[in-house]
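I have placed the structure first, in the form of structure tokens, so that the comments after it can refer back to it.
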Amino acid sequence: MTRGRPLRCPYEGCGSTKIVSKGIRKTKTMGNRKIRYCKDCGRKFTPKKKTLLPFIVKPFNTIKQAMSMMVAVEKLLLKVKRFFHSILLLGYSCPKCNGLLNNMIKEGICQCDSCKYEFDPTVEFQRCSKCGGRIKLRVRRYQCQKCGADVTSRFLFEGLVFDTDYFWLKVAESRQR
């Protein structure tokens, strides 16, 4: 017993429901498709595939695709960060041993390939654009030691730096007050 509405002939002027099965057509993109024959007009056709509740069936695929896209974007972002840091550190050498700098261990921390010395490249190499003074790291920003101006780091990709020593010093000062 067939369920649902009976098939209708799709050709204009016919629209008959006297339809019989005539075998299968193999296609590359859609797989095996049933061939139907209209008894009234004598033409063959392949009925359209009907899906039940497409708004419930499709979101699973959409969510799966979104998740795979998110993973791909994260992988690409990691590659872009590595490339950005390798190009940026290309013109600099280690302040202790003059070795090559290729590694950013974490956001705001660089490591020498030779002596494994870890340091902040912004504090070490960058100067204040206003007065040319040295830069020091504050809780979540860089600041010039001479004029006190906030300085944007050239060595950060999109992250924030965090100075734990300065943070705990300020916590201790606020507790004393």
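Of everything in region 78-92 that's surrounded by 14 or more Cβ atoms within 10 Å (Cβ to Cβ) and not basic (Lys, Arg), which residue is farthest from Asp120 (Cα to Cα)? Step by step, filter region 78-92, then rank; the result is Phe84. Go through the residues of region 113-123 one by one and say whether even a single one is assigned by TED's automatic domain parsing to the domain that holds Leu156, surrounded by fewer than 15 Cβ atoms within 10 Å (Cβ to Cβ) and under 30 Å from the mean Cα position of the chain (by Cα). There is at least one residue in region 113-123 that is assigned by TED's automatic domain parsing to the domain that holds Leu156, surrounded by fewer than 15 Cβ atoms within 10 Å (Cβ to Cβ) and under 30 Å from the mean Cα position of the chain (by Cα).
Has region 90-98 got at least one residue that is assigned to a loop (DSSP other than H, G, I, E, B), within 33 Å of the chain's Cα centre (by Cα) and modelled with pLDDT of 80 or more?
yes
Only one of the listed residues (Glu12, Glu74) is modelled with pLDDT under 85 and acidic (Asp, Glu). That residue is Glu12. Residues in region 130-137 include none that are modelled with pLDDT of 85 or more and assigned to a strand (DSSP E or B).
The values are calculated or read from the model by the stated rules, or taken from the named source; none is laboratory data. Here the structure is a predicted model, which is why all the values come from computation and not from measurement. Please note: Cβ atoms are built from the backbone with ideal geometry, for glycine as well, and neighbour counts cover all protein chains shown.
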